[in-house]
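Student: Here it is, the structure, as structure tokens.
The values are calculated or read from the model by the stated rules, or taken from the named source; none is laboratory data. These figures come from a predicted structure and were not determined experimentally. All Cβ positions, even for glycine, are placed from backbone atoms using ideal geometry, and neighbour counts span all protein chains on display. The area values use the complete protein model at the heavy-atom level, side chains included, leaving out ligands, DNA and RNA. Shrake-Rupley method; radii C 1.70, N 1.55, O 1.52, S 1.80 Å.
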Amino acid sequence: MELNKDQKTIINENAGKITDLTELTRLVFPETENIDGRSKQGRAVRKYLSKNKIDYETKHFSGKDPICLTQEQKDFIDQSIGGGMTCSQVATILFPESRITKVSQEYTAVHAYVENNDRLTTPSIEDAAFRRYSSPKAPSKIIKKINDCAQTCIDENKLSISERKGIESLGGFLASPRFVQVINNYDSQEDRDLFEAEFVRATWDKPDLTSDEINLYINVCMDYIHLKNIQGAINKLNRMFDEAEDQQDLTVRLAELLKTKSEEYNQCEKRMESLIQKLQGDRSKRISSKQQQNASILALVQLFQEEEERAVMIKIAELQKQAAKEETDRLESMPSWKARVLGISKEDVI
């Protein structure tokens, strides 16, 4: 699309006052509604501005060119990852002018290089950074997770009604938006596995959980991961404390950090305990209330089943008695000497 002379004049007269590309485009094409810098009109205006080196602003940013690592950078990554650094730490050193995040191109470039290099091992705390969690759909996969995490021995071919309900409900729990969002926040596969295992172990046999209770169980599992990471930090600080026993200033600082981490650990434990007690108490009350509501119905069902069972037993006895009579009639029709040998008469049976 080419701009006419009048449109170019409008741009030249207003480009200094209106720097927003969308607003300028709508001024140039007032007869066209709901257009912005991405429309064909906007692209025409953008092309004219760029050709004439006129600065403009847009809300839609074009992506950066992909980062190509130099051989020097690759050598540094090889040495640093082999020495125990993380991809994030390496990217921060290689690109000090950039803000390194999980989605930044600099971090992605370093991580991709490590992932595709057979000589390097991705740090365990980042080995799942770009993997999306996929919840199990097939009952066989859900059963395997239950057996592995809860130490059960469920047989897919011999499922009870309660086991079937638990499996179906767990499949829905694992596919819930918040569960998927939380587990994808963990860059470590080890953390993901622990989070999923604790959730499965706690919820697989509770198909009656409400949405709020599922969220609380997710919070409990997040605290499990938090406890693990705090404990890892405490262990590391203890090792540093032992190695720095001759450096008084450093040992004092390490002692303060240890105290802070220990307090954080205790607070996390108390929070978990409180959540678990709430979950168990609320669910117990709900089940108890439901049982009371269904008590009269259950009693009627039991009475009906008992009456039905008695009727069936009486019917069976009558059929057995009738069958015995028919058999003795047959035997009595036999020659008398056979009946005497067998020692059977109708009176013996009836």
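Student: Which residue is nearest to Asp191 (Cα to Cα), if the candidates are limited to region 251-260 and must be open to solvent by 70 Å² or more (accessible area, probe 1.4 Å) and not acidic (Asp, Glu)? Spell out how you get there, then give the answer.
Tutor: Taking region 251-260 and keeping what is open to solvent by 70 Å² or more (accessible area, probe 1.4 Å), we get 252-253, 256, 259-260.
From the residues that got through so far, the ones that are not acidic (Asp, Glu) too are 252-253, 259-260.
Details: Val252: 31, Arg253: 29, Lys259: 25, Thr260: 23 Å.
Across region 251-260, the extreme among qualifying residues is Thr260.
Student: Of Asn185, Asn219, Asn215, which residue is closer than 30 Å to Ser135 by Cβ, open to solvent by 70 Å² or more (accessible area, probe 1.4 Å) and of a type outside the set (A, V, I, L, M, F, W, C)? Reasoning before the result, please.
Tutor: Working: Asn219 fails: open to solvent by 70 Å² or more (accessible area, probe 1.4 Å); Asn215 fails: open to solvent by 70 Å² or more (accessible area, probe 1.4 Å).
On inspection, the qualifying residue turns out to be Asn185.
Student: Additional query: How many residues, within region 82-132, are part of a loop (DSSP other than H, G, I, E, B), of a type in the set (D, E, K, R) and in contact (Cβ under 8 Å) with a residue 24 or more places away in the chain?
Tutor: 5
Student: A follow-up question, please. Looking at the structure I just gave you, is Glu163 free of Cβ contacts under 8 Å to residues at least 60 places away in the same chain, over 16 Å from Arg283 (Cα atoms), over 15 Å from the mean Cα position of the chain (by Cα) and open to solvent by 20 Å² or more (accessible area, probe 1.4 Å)? Even if it seems obvious, please write down each step before you answer.
Tutor: Numbers: free of Cβ contacts under 8 Å to residues at least 60 places away in the same chain: yes; over 16 Å from Arg283 (Cα atoms): yes; over 15 Å from the mean Cα position of the chain (by Cα): yes; open to solvent by 20 Å² or more (accessible area, probe 1.4 Å): yes.
It is true that Glu163 is free of Cβ contacts under 8 Å to residues at least 60 places away in the same chain, over 16 Å from Arg283 (Cα atoms), over 15 Å from the mean Cα position of the chain (by Cα) and open to solvent by 20 Å² or more (accessible area, probe 1.4 Å).
Student: Ok, one more. Within the bounds of region 26-45, is there any residue that is open to solvent by less than 30 Å² (accessible area, probe 1.4 Å), at pLDDT 85 or above, aromatic (Phe, Trp, Tyr) and part of a loop (DSSP other than H, G, I, E, B)? Spell out the reasoning first.
Tutor: Keep residues of region 26-45 that are open to solvent by less than 30 Å² (accessible area, probe 1.4 Å), which gives 28-29, 35, 37, 39, 41-42, 44-45.
Those left that are additionally at pLDDT 85 or above: none.
No.
Student: Can you pull out the residues in region 266-285 that are of a type outside the set (Lys, Arg), touching a residue at least 12 places away in the same chain (Cβ under 8 Å) and open to solvent by 50 Å² or more (accessible area, probe 1.4 Å)?
Tutor: Those that are of a type outside the set (Lys, Arg), touching a residue at least 12 places away in the same chain (Cβ under 8 Å) and open to solvent by 50 Å² or more (accessible area, probe 1.4 Å): Glu269, Ile276, Asp282.
Student: Say whether the condition of being closer than 29 Å to Lys285 by Cβ, assigned to a helix (DSSP H, G or I) and open to solvent by 50 Å² or more (accessible area, probe 1.4 Å) is met by at least one residue in region 194-201.
Tutor: yes
Student: Of the residues in region 102-126, how many are open to solvent by 40 Å² or more (accessible area, probe 1.4 Å), polar (S, T, N, Q) and touching a helix residue (DSSP H, G or I) at 6+ places or on another chain (Cβ under 8 Å)?
Tutor: The total comes to 2.
Student: Let me ask something else about it. Within region 170-179, restricting attention to residues that are out of contact with any helix residue (DSSP H, G or I) (no Cβ under 8 Å at 6 or more places or on another chain) and in a helix (DSSP H, G or I), which residue is most open to solvent (accessible area, probe 1.4 Å)?
Tutor: Pro177
Student: If you don't mind, there's one more thing I want to ask. Go through region 127-138 and report how many residues are surrounded by 15 or more Cβ atoms within 10 Å (Cβ to Cβ) and at pLDDT 90 or above.
Tutor: Of the residues in that region, 3 qualify.
Student: Being modelled with pLDDT of 80 or more, surrounded by 12 or more Cβ atoms within 10 Å (Cβ to Cβ) and not in a helix (DSSP H, G or I), is that true of even one residue in region 68-81? Break it down stepwise before answering.
Tutor: Here is the first cut: in region 68-81, the ones modelled with pLDDT of 80 or more are 68-81.
From what's left, surrounded by 12 or more Cβ atoms within 10 Å (Cβ to Cβ): 69, 73-74, 76-78, 80-81.
In the following step, the residues that additionally are not in a helix (DSSP H, G or I) were identified as 69.
Yes, region 68-81 contains a residue that is modelled with pLDDT of 80 or more, surrounded by 12 or more Cβ atoms within 10 Å (Cβ to Cβ) and not in a helix (DSSP H, G or I).
Student: Then there's this: Mind checking which pairs have a first residue in region 180-203 that is closer than 26 Å to Thr152 by Cα and a second that is of a type in the set (Asp, Glu), Cβ under 7 Å, 6 or more apart or different chains?
Tutor: Here the result reads Ile183/Glu196; Gln189/Asp127, each pair linking region 180-203 to a residue that is of a type in the set (Asp, Glu).
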